[in-house]
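S.K.: If you scroll down you'll find the structure; I have some questions about it.
The values are calculated or read from the model by the stated rules, or taken from the named source; none is laboratory data. Just so it is clear, the structure is predicted and the values come from calculations on it, not from any experiment. Here Cβ is always computed from backbone atoms with ideal geometry, including for glycine, and neighbour counts include all displayed protein chains.
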Amino acid sequence: MKRFGTNRILGLSFYQIMILVILIAMLFFFSDSSVTKRIRYESRIKDLENQIEFYRRQAETDKEKLDELQSNKEDLEKFARENYLMKKENEEVFIIKEDK
């Protein structure tokens with residue numbers, strides 16, 4: 001006998017609907033492609049893209065500086081004196097360190 005007025009939605013009983021809801025929740029939150037993992041991965045991707053852009057700009061700046069040093073002997077000499085404490089034969093170099 002069929003009972004009319006049963007609590008069925010789309011032909012599914014309450015227990016079947018609850019099982020489907022639990023399975024869907026498990027798929028969204030506990031599977032390998034869960035929502036929380038996806039959000040973390042997208043955040044990590046955005047951070048890595050920002051790092052890529054930073055290092056790309058840094059590489060361009062360094063390349064410009066290298067080109068400038070290779071093209072101008074005076075700038076190369078100044079850079080060597082400041083960073084590697086190089087000097088000419090008849091010069092004396094005094095190093096003054098500041099306390100920070």
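Quick grid of which residues meet (1) assigned to a helix (DSSP H, G or I); (2) out of contact with any Ser or Thr (no Cβ under 6 Å at 6 or more places or on another chain); (3) at pLDDT 90 or above:
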position: Leu27; (1), (2), (3): yes, yes, no
position: Arg38; (1), (2), (3): yes, yes, no
position: Gln51; (1), (2), (3): yes, yes, yes
position: Tyr55; (1), (2), (3): yes, yes, yes
position: Asp62; (1), (2), (3): yes, yes, yes
position: Phe79; (1), (2), (3): yes, yes, no
position: Glu92; (1), (2), (3): no, yes, no
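S.K.: From Asp67, Asp99, grab the single residue that is modelled with pLDDT under 85 and either loosely packed, with under 10 Cβ neighbours inside 10 Å or out of contact with any helix residue (DSSP H, G or I) (no Cβ under 7 Å at 6 or more places or on another chain) (or both). Write out each step before concluding.
M.R.: Values: Asp67 fails: modelled with pLDDT under 85.
Exactly one residue qualifies, and that residue is Asp99.
S.K.: Also: Which of the numbered conditions does Lys87 fail, given that it passes all the others? Conditions: (1) part of a helix (DSSP H, G or I); (2) over 35 Å from the mean Cα position of the chain (by Cα); (3) surrounded by 10 or more Cβ atoms within 10 Å (Cβ to Cβ).
M.R.: Only one criterion in (1) part of a helix (DSSP H, G or I); (2) over 35 Å from the mean Cα position of the chain (by Cα); (3) surrounded by 10 or more Cβ atoms within 10 Å (Cβ to Cβ) is unmet by Lys87, namely (1).
S.K.: Given the condition assigned to a helix (DSSP H, G or I) and surrounded by 11 or more Cβ atoms within 10 Å (Cβ to Cβ), answer yes or no: does some residue in segment 1-12 qualify?
M.R.: No, segment 1-12 has no match at all.
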